[in-house]
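Notes for the one structure printed next.
The values are calculated or read from the model by the stated rules, or taken from the named source; none is laboratory data. These numbers were taken from a predicted model, which means no experiment stands behind them. Cβ: placed from backbone, ideal geometry, glycine included. Neighbour counts: every protein chain shown. Side chains included, ligands, DNA and RNA excluded: accessible areas come from the protein's heavy atoms. Shrake-Rupley method; radii C 1.70, N 1.55, O 1.52, S 1.80 Å.
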Amino acid sequence: MPLPYLWQALRAEERPIIIYGMGNGAEKVLDACAQYKIPIAGIFASDDFVRYQTFRGYTVKRYADLIEELVVK
């Protein structure tokens, strides 16, 4: 069965892929990414909710922090 287009596009993406949130949706996306071997560079949450806790092995950060780490060099 061919890989659905969304997962093909994400697997082909060369920029870092980050995920918002820590709920059921994020769990499902992380599971699918693991299944399709799509690397995830980080997880972010709303600034008011970030406490730099760990979720599924990732430190949850502010979006601006991840952009600074991953994009701005």
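Quick notes on this one:
- In the complete set of protein chains, residue-level accessible area for Ile17 is approximately 30 Å², probe 1.4 angstrom.
- Sulfur and carbon atoms: percent of accessible area, the chain [1.4 Å]: 55
- The mean accessible area for residues of the chain, using a 1.4 Å probe and ignoring ligands and nucleic acids, is 73 Å² per residue.
- Sites matching chymotrypsin sites (Phe, Trp or Tyr not before Pro) across the chain that sit in DSSP coil, with at most 16 neighbouring C-beta atoms within 10 Å: Tyr36, Tyr52
- Rel. contact order, % - alpha carbon contacts under 8 angstrom, at least six apart, the chain: 26
- Of all DSSP beta bridges in the chain, antiparallel share, percent nearest 5: 25
- Available extension along the chain between Tyr36 and Glu13 is 7.0 nm, counting 0.36 nm per residue and deducting the alpha carbon span.
- Normalised by residue count, the chain yields a Cα convex hull volume of 91 Å³ per residue.
- Phi angles across the range 24-37 convert, under the Karplus curve 6.51 cos²θ - 1.76 cosθ + 1.60 with θ = phi - 60°, into 3J(HN,Hα) values of 4, x, 5, 4, 5, 5, 4, 4, 5, 4, 5, 4, 9, 6 Hz, Gly and Pro given as x.
- In loop segments of the range 1-67 as defined by DSSP, the GluC sites (Glu not before Pro) with at most 11 further C-beta atoms inside 10 Å of their C-beta are Glu13, Glu14.
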